[in-house]
């Protein structure tokens, strides 16, 4: 059975859990998430758990429900499923826009120390997609590592590395192949006892194959990519956390063809540190790097010092942030208006009863 330390227990988590310990609850970590039920790991083993009614009632949205990697306070009856009474504050979290709801976040993984941003060196290689994942990684608070998988499929790996290094801005780049188990030592170097890593990337990049190689056995199901475009078929359909024999914890996530960012704030500047540094030299503080005079960013593009596609990606992500903020403001306005109508209706009913 794993100890709490094997599961990533820290002094921070212990302090946050103390009020729940006094209530007789036990600590556990969410290892698998389904629609209405979870698997949780603790020194007592693995068991199924459901969210308690009070927690469900108090949740303001789906981000308040447990996610894979969360530390939770559970009540464990003699028989039946455990009850999750509370979710401890997250040290880090990966959030994206929930499918079908542009104004609500979905937590993909929580309490991650390092995130492996996996990209396959095949026909679906896309540096622009790596930029988007980097924004999410910086926003999460975890340390990003770019992983170029399927190195056995290409002859000139260094050409891909140069493309990615221009995007990564100093982020470590690791070259691996799931068919060469010894190459996984590069990833193990970022792990260790109690340290949690998440695999993030689109379908078909080989996340589950990497996970199986690190684990040492075929725990996660894998499928071949389509030969026509090297795109995957969403083998992983749910997030899952597993303990590695060599030490460390790994979270595998379903492939995401289009990563919808969520409230990334300053993370765009972190992923585009080259543009952010140039912007300090612009004549105007609120320069949009379009047609303003004295724009250092536009000048760098014109001189060849900054690739034009970098500025294009930066503008696209900024526009996406602006649009998302407008959607959230509109949702907040509608919610306030709805709450006002409900309150007014209740007041009228009360006055009618008194009259």
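Please treat every number below as a calculation from the coordinates, not as lab data. Here the structure is a predicted model, which means the values were calculated and not measured. FYI the Cβ positions are ideal-geometry reconstructions off the backbone, even for glycines, and counts take in every protein chain you see.
Summary table below
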quantity	calculated
Residues 150, 23 arranged by fewest to most Cβ contacts within 10 Å	23, 150
Distance between modelled label sites at residue 155 and residue 246, nm, 7 Å Cα→Cβ extension	3.1 nm
Nearest-0.05 FRET efficiency for residue 22 and residue 128, computed from C-beta distance (R0 51 Å)	0.50
Computed FRET value (nearest 0.05) for residue 35 with residue 284, which takes r as the C-beta separation and R₀ as 56 Å	0.65
Order of 71, 138 - criterion: other Cβ atoms within 10 Å of each residue's Cβ, fewest first	138, 71
Chain lengthening between residue 96 and residue 299 when straightened (0.36 nm per residue, less Cα-Cα)	69.7 nm
Highest to lowest packing among 168-174, 155-161, scored as the average C-beta count within 10 Å	168-174, 155-161
Inter-probe distance in nm under a simple model that places probes 7 Å from Cα toward Cβ, at residue 15 and residue 57	3.2 nm
The range 95-213: relative contact order as a whole-number percent, Cα under 8 Å and 6+ apart	31 percent
Neighbour-count ranking [beta-carbon atoms within 10 angstrom, fewest first] of 163, 70	163, 70
Potential extension, residue 277-residue 166 segment - 0.36 nm per residue separation minus Cα distance	38.5 nm
